[in-house]
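The values are calculated or read from the model by the stated rules, or taken from the named source; none is laboratory data. Note that the structure is predicted; figures quoted are calculated from it, not measured. Cβ: placed from backbone, ideal geometry, glycine included. Neighbour counts: every protein chain shown. Note: areas computed on protein heavy atoms with side chains; ligands, DNA, RNA excluded. Shrake-Rupley method; radii C 1.70, N 1.55, O 1.52, S 1.80 Å.
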Amino acid sequence: MKLTEVLEITGATCVVGEQLADIEVHHAFASDLMSDVLAMSRPDTLLITGLTTPQIIRTAQMLDLPAILVVRGKDVPQDVADLARTTGIVLLSTHDIMYVASGKLYARGLSG
């Protein structure tokens with residue numbers, strides 16, 4: 001699934017990601033526990049989280065995750081957005097809660 005589709009499905013906005021249209025994800029993983037993400041994710045995975053700390057970017061970077069979807073309409077601090085930009089990670093934000101965002105993406109074919 002292209003990240004442009006993720007935007008459309010979840011009603012998200014792009015916080016960081018000039019290369020948005022070129023990126024495709026095949027899986028999603030939803031968690032606020034970065035230790036779970038480290039144990040369970042694959043490189044072509046969209047991380048869905050409610051966290052807005054630098055740790056989400058660092059975790060995505062370690063696992064070569066291309067994008068993060070922040071849920072619950074949280075504002076992303078500028079330092080986190082800057083870190084995402086520096087590391088080349090696309091950062092999206094939606095007002096959906098984690099359960100709803102995950103369900104919408106799963107219903108449209110994005111596997112867990």
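A few comments on the model shown:
- Residue pairs whose Cβ atoms lie under 9 Å apart, separated by 6 or more positions or on different chains, with the first residue in the stretch 1-23 and free of Cβ contacts under 8 Å to residues at least 24 places away in the same chain and the second surrounded by fewer than 18 Cβ atoms within 10 Å (Cβ to Cβ) and in a strand (DSSP E or B), are K2/E24; A21/K2; D22/K2.
- Reported count of residues in the stretch 49-70, each being farther than 13 Å from V16 by Cα and touching a Ser or Thr at 6+ places or on another chain (Cβ under 6 Å), is 4.
- All of A101, A28, A84 fail the test of being in a strand (DSSP E or B), open to solvent by less than 70 Å² (accessible area, probe 1.4 Å) and not polar (S, T, N, Q), apart from A28.
- When P43 is tested against (1) modelled with pLDDT of 95 or more; (2) more than 15 Å from E5 (Cα to Cα); (3) of a type outside the set (D, E), exactly one condition is not met: (1).
- Failed item, numbered, when S93 is tested on (1) under 11 Å from the mean Cα position of the chain (by Cα); (2) loosely packed, with under 13 Cβ neighbours inside 10 Å; (3) of a type outside the set (A, V, I, L, M): (2)
- Of all residues in the stretch 32-45, none that is free of Cβ contacts under 8 Å to residues at least 12 places away in the same chain has its Cβ atom under 8 Å from the Cβ atom of a residue that is part of a loop (DSSP other than H, G, I, E, B) and open to solvent by 60 Å² or more (accessible area, probe 1.4 Å), 6 or more apart or on another chain.
- If the condition is being under 17 Å from M98 (Cα atoms), more than 12 Å from the chain's Cα centre (by Cα) and open to solvent by 60 Å² or more (accessible area, probe 1.4 Å), then the stretch 6-24 contributes only E8.
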